[in-house]
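Contents: one structure, followed by commentary.
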Amino acid sequence: MTDTAKRTILITGGAGFIGSALCDDFLDQGHTVKCMDNFATGKKANIEHLADNEDFEFVEADIRDIDACSSAMKGVDIVLHQAALGSVPRSIKDPLTTNAVNISGMLNILEAARLAGVKRFVYAASSSTYGDSKELPKVEERIGKPLSPYAVTKYTNEVYADLYHELFGMETIGLRYFNVFGRRQDPDGAYAAAIPKFIRSFMEGTSPQVHGDGEQTRDFTYIKNVEQAVRNAAFTQNEKAYGQVFNVAYGKNCSVNELLRILIEKLSRFDPNVKTVLVDHVAERVGDVRDSLASIEKARNVFGYDPKYDLDSGLEEAIQWYWDSLH
């Protein structure tokens with residue numbers, strides 16, 4: 001059972017890849033959206049099409065600023081906390097900033113929400129929390145040792161959220177995202193995700209870089225599956241969801257080499273020369289997990305998560321978007 005009456009929803013990191021998709025989705029559902037971002041990784045271009053929407057408000061602020069967090073919380077019914085500094089390599093290079101944003105920043109948002117009387121708090125957790133666990137598929141209650149500062153911060157988020165549920169009765173729900181991809185995901189920069197970087201490389205005729213032998217596996221998850229999961233979590237009335245974390249994935253993994261084969265096949269319809277581009281294998285990255293595959297039964301059973309997009313159908317939409325945006 002869900003309650004979908006009109007709400008005012010604060011989306012932190014709302015100008016980012018996932019955050020902007022959620023802004024679109026919740027506005028489409030008839031809600032009022034307050035988007036908070038400092039453009040550290042988010043982009044104005046991701047939300048500029050919403051500027052004239054009377055149900056959309058943008059707040060340029062940093063989650064490390066507690067006063068800004070408190071101000072943004074006014075009139076809010078539900079918080080969707082997506083703001084974070086992502087990337088395992090970035091966290092290894094600069095653990096202090098990653099810690100300040102991902103832990104202190106989330107605590108600021110949690111505390112501001114509590115003081116404002118906001119009960120529902122849905123936040124972006126991460127599959128990196130599984131760390132060195134070799135178990136497949138990944139089940140929420142069994143994790144390993146973290147392999148990066150980023151993983152430490154995302155696990156700490158879960159601990160704080162559970163604590164706020166136990167101490168203050170907040171309806172916290174964590175969503176462990178698995179390798180999300182789709183429209184607006186930035187292909188540029190040192191810390192860009194694999195799929196948009198691969199697509200950009202093939203389109204430009206340059207060799208995509210693969211860390212290691214390419215046989216590592218990931219549970220690639222299309223953005224529209226994430227939208228559904230967040231929507232269901234935001235409005236679920238099932239108390240079994242509160243204080244819990246849930247995997248958000250498709251529930252099927254794929255090697256990086258197989259991903260590259262699929263990309264070449266799909267992109268060659270636009271440009272046959274893609275088939276001549278060679279892949280550049282470089283050293284494995286410190287902190288990366290070898291294999292990843294999610295069990296999604298908990299999310300399915302508790303709040304009805306039912307992903308509609310597998311890797312193939314997600315890539316069909318994503319590739320078309322990248323092609324259109326680059327041409």
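The values are calculated or read from the model by the stated rules, or taken from the named source; none is laboratory data. Please read these numbers as outputs of a predicted model, since none were measured by experiment. Cβ: placed from backbone, ideal geometry, glycine included. Neighbour counts: every protein chain shown.
Some observations on this one:
- All positions within the range 300-325 that are part of a loop (DSSP other than H, G, I, E, B) and in contact with an Asp or Glu (Cβ under 9 Å, 6 or more places away or on another chain): TYR309
- Criterion violated by HIS211 - all others in (1) crowded, with 20+ Cβ neighbours inside 10 Å; (2) at pLDDT below 95; (3) touching a strand residue (DSSP E or B) at 6+ places or on another chain (Cβ under 7 Å) satisfied: (1)
- Residue in the range 26-42 that is of a type in the set (A, V, I, L, M), part of a helix (DSSP H, G or I) and closer than 14 Å to VAL79 by Cα present: no
- Among the residues of the range 106-115, none qualifies, meaning not one is free of Cβ contacts under 8 Å to residues at least 60 places away in the same chain, of a type in the set (S, T, N, Q) and either within 17 Å of TYR177 (Cα to Cα) or out of contact with any Asp or Glu (no Cβ under 8 Å at 6 or more places or on another chain) (or both).
- Boolean, THR8 is in contact with a Gly (Cβ under 8 Å, 6 or more places away or on another chain), within 21 Å of LEU110 (Cβ to Cβ), hydroxyl-bearing (Ser, Thr, Tyr) and buried (at least 24 other Cβ atoms within 10 Å of the Cβ): no
- In the set (1) β-branched (Val, Ile, Thr); (2) touching a His at 6+ places or on another chain (Cβ under 9 Å); (3) in a helix (DSSP H, G or I), the condition left unmet by ILE11 is number (3).
- Some residue of the range 41-63 being over 26 Å from VAL302 (Cβ atoms), surrounded by fewer than 16 Cβ atoms within 10 Å (Cβ to Cβ) and under 16 Å from the mean Cα position of the chain (by Cα): yes
- Condition met for ILE103 (touching a residue at least 40 places away in the same chain (Cβ under 8 Å), in contact with a strand residue (DSSP E or B) (Cβ under 9 Å, 6 or more places away or on another chain), among the β-branched types (Val, Ile, Thr) and crowded, with 17+ Cβ neighbours inside 10 Å): no
- Residue match in the range 170-180 (condition: touching a strand residue (DSSP E or B) at 6+ places or on another chain (Cβ under 6 Å), among the polar types (S, T, N, Q), over 28 Å from PHE270 (Cα atoms) and modelled with pLDDT of 95 or more): yes
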